[in-house]
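Nothing in this text is a laboratory measurement; each read-out follows from the coordinates by a stated rule. Worth saying up front: this structure is predicted, and the values here are computed from it rather than measured. Please note: Cβ atoms are built from the backbone with ideal geometry, for glycine as well, and neighbour counts cover all protein chains shown.
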Amino acid sequence: MLPCLIFEDEHLLVVNKPAGMNTHAPSPYAGEGIYEWLKHREPRWARLAIIHRLDKETSGVMVFGKTATANRSLTEQFTQHTIRKKYQLLTDRPVNHKTATVVSALVRVGEKYVSRPLHAGAERAETRFEMLRSEGGRTTVLAEPVTGRTHQIRVHAAEQGFPILGDVLYGGTPASRVHLHAAELTLKHPVTGAEMAFTMPPDFQGDARLGLREALIEKEETNAWRLIHGAADGWPGWYVERLGEFLLSQADQPLSVAQSAELSRLMQCYAVRGAYHKILTRQVRRTHVQQASPQPALGEAAPGTFVVRENGVAFELSFDEGYSVGLFLDQRENRRRFLVNHVASEFPLFAAGASGMEVLNTFAYTCGFSVCAAKAGARTTSLDLSKKYLEWGKRNFALNQLDPAQHDFIYGDTFDWLRRLAKKGRAFDAIVLDPPTFSQSKEHGSFQAEKDYGELVAAALPVLKPNGVLLASTNAARLEPEKFLELVTAAIRSAKRKVTQQHYVPQPPDFPVHRDEPAYLKTVWLRVS
């Protein structure tokens, strides 16, 4: 069960939205809002509807409709203001009145809204405030919006002289987050009419960026995710992952004093045994394995190999095998799609009840996609230029009680083998294309994702069955999403084939996007007739 899930029945889904996640993403390339994340996560949520919104930095209770009946009823209740919403905010400014009611019109000026006297024709914005408690120079205030205008509570709080802590847009003191939380939502069930109240106390003391992960990652099934993702989490150029009982830190410089202190704090927070640090470099191929490998930084040394869990699947990792440790966490959600046979809303990977599905995983590395496809019942072919990584992949199969002998592992150049497979008449129901940004082989020469991705797609299409699914992905940061999609779709058009379904996948929520560090991972799922 998702940690953020508060309530679910046939008609309603109620969640605790974490701070730092939009309700609805403004662009598929800008990261994923909680609505898209939920809607595309489980088949039973495919018809989920947005009924109201919370600002990105606001946490708290949200309700989504699952049926047309629920959508109509909830929309009417919000429109008529019969749904009661209560927020809690934290401010470090004096609150001079026990209670206050603010009524005004809100007008957008640039990036923010300003309050104006209410006049004929203007939409009314009304908020009631009640001071709850003061402690340590900070005051908790209850805010009840009678109406639901954009930024209403934030504007009215600032107007009353107590801007919300962290809300710098409206004059608040800078902080780790905007300290505003939707604590209570009271509504009538759309079918029974029974009054339902959902509450979730705020956690203003916790680490907001870790709270985002805690809300969305099922720790019983997964113990490997990204804890700090650069600028989006307040640490430009620094990345930290939890890998089971160890942490992996990555930056282009040795750890600073502040980073070491934060790493130590995270070790205590997650009760892990040790932490390693890896220097990021673009000269990987010129670096000795030992130099490229992460180095011990804090705590215990890791064994030569250790195991992590991801969506209930076990994977072997190692800090002794060079630049990569055995699993790319940014592909976690895409691997899960193989496990659950659900790409997105109304986009199953394979037809219900289908058997004998064949999956080709090119540039397979340690065969993560292959393991998940095999767990779901598919027969897999893993293709890679490294015998060492294919053997590693076989161990991953064995870790999950899968017999490697029932699947194919092919050592060699992807382009060369795609031609060979086509000549042999092989065809697959799904093909994974997740190449490195740059690779070199004797058979094909050099491959650069930025200019050669279309060629890769063209080479794969002859072995993709009609109505097969193509997973195309790249982490080439300089390749713009629109250009990437054009390379992929142009190759499909040139082959006289047609895309019948398409779903673009943003980076997972534990890899949040920031304007200083835009999305680098681009992934699209395509059903090709």
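Here are a few things to note about the model shown:
- Inter-label distance, S355 to E221: 2.6 nm, where each label sits 7 Å from its Cα along the C-beta direction.
- For the stretch 505-529 versus the stretch 361-428, the gap between their alpha-carbon centres in whole angstrom: 24 Å
- Separation in nanometres of the label points that stand 7 Å from Cα toward Cβ, at K387 and A271: 4.4 nm
- On full extension, the segment bounded by R309 and R426 gains 38.8 nm, given 0.36 nm per residue less the C-alpha separation.
- The chain: angle of helix 257-270 to the longest principal axis, Cα-based, in degrees nearest 10: 90 degrees
- Full extension of the chain segment joining Q501 with Y323 gains 60.5 nm, where the gain is 0.36 nm per residue of separation less the Cα-Cα distance.
- C-alpha long axis of helix 68-79 to longest principal axis of the chain, angle in °: 40 degrees
- Förster radius 35 Å - calculated FRET efficiency between R47 and S529, Cβ distance, rounded to 0.05: 0.90
- Exposure proxy ranking, count of Cβ atoms within 10 Å, fewest first, for Y323, Y35, Y170: Y323, Y170, Y35
- Projecting the Cα atoms of T75, M62, L12 onto the dipole axis of the chain, where Lys and Arg carry +1 and Asp and Glu carry -1 at the beta carbon, places T75 farthest toward the positive end.
- Inter-site label distance for K465 and K112 at 7 Å from Cα along Cβ, in nm: 5.8 nm
- Two-decimal ratio, the stretch 328-528, of alpha-carbon radius of gyration to 2.2 N^0.38 Å: 0.96
- Using the Cβ of K451 as centre and a radius below 14 Å, the other residues enclosed give a net charge of -3, where K and R count +1 and D and E count -1.
- Cα-based shape type of the stretch 422-511, given that a ≥ b ≥ c are square roots of the gyration tensor eigenvalues and the cut on a/c is 1.5: oblate
- Difference of contour (0.36 nm per residue) and Cα-Cα distance, D403 to T199: 68.7 nm
- Normalising the average separation of contacting C-alpha pairs (under 8 angstrom, six or more residues apart) by the number of residues puts the relative contact order of the chain at 11 percent.
- FRET efficiency, 1/(1 + (r/R0)^6) with R0 22 Å, evaluated for E450 and S27 via beta carbons: 0.55
- By the Stokes-Einstein formula, at 1.306 mPa s and 10 °C, the chain with its Kirkwood radius over alpha-carbon pairs has D equal to 63 µm²/s.
- If R0 is taken as 25 Å, the Cβ-Cβ distance between E300 and L2 corresponds to a FRET efficiency of 0.20.
- Prolate is the label for the stretch 5-199. Its Cα gyration tensor axes, ordered a ≥ b ≥ c, give a/c of at least 1.5 and a/b above b/c.
- Degrees, to the nearest 10: 481-494 long Cα axis against longest axis of the chain: 40 degrees
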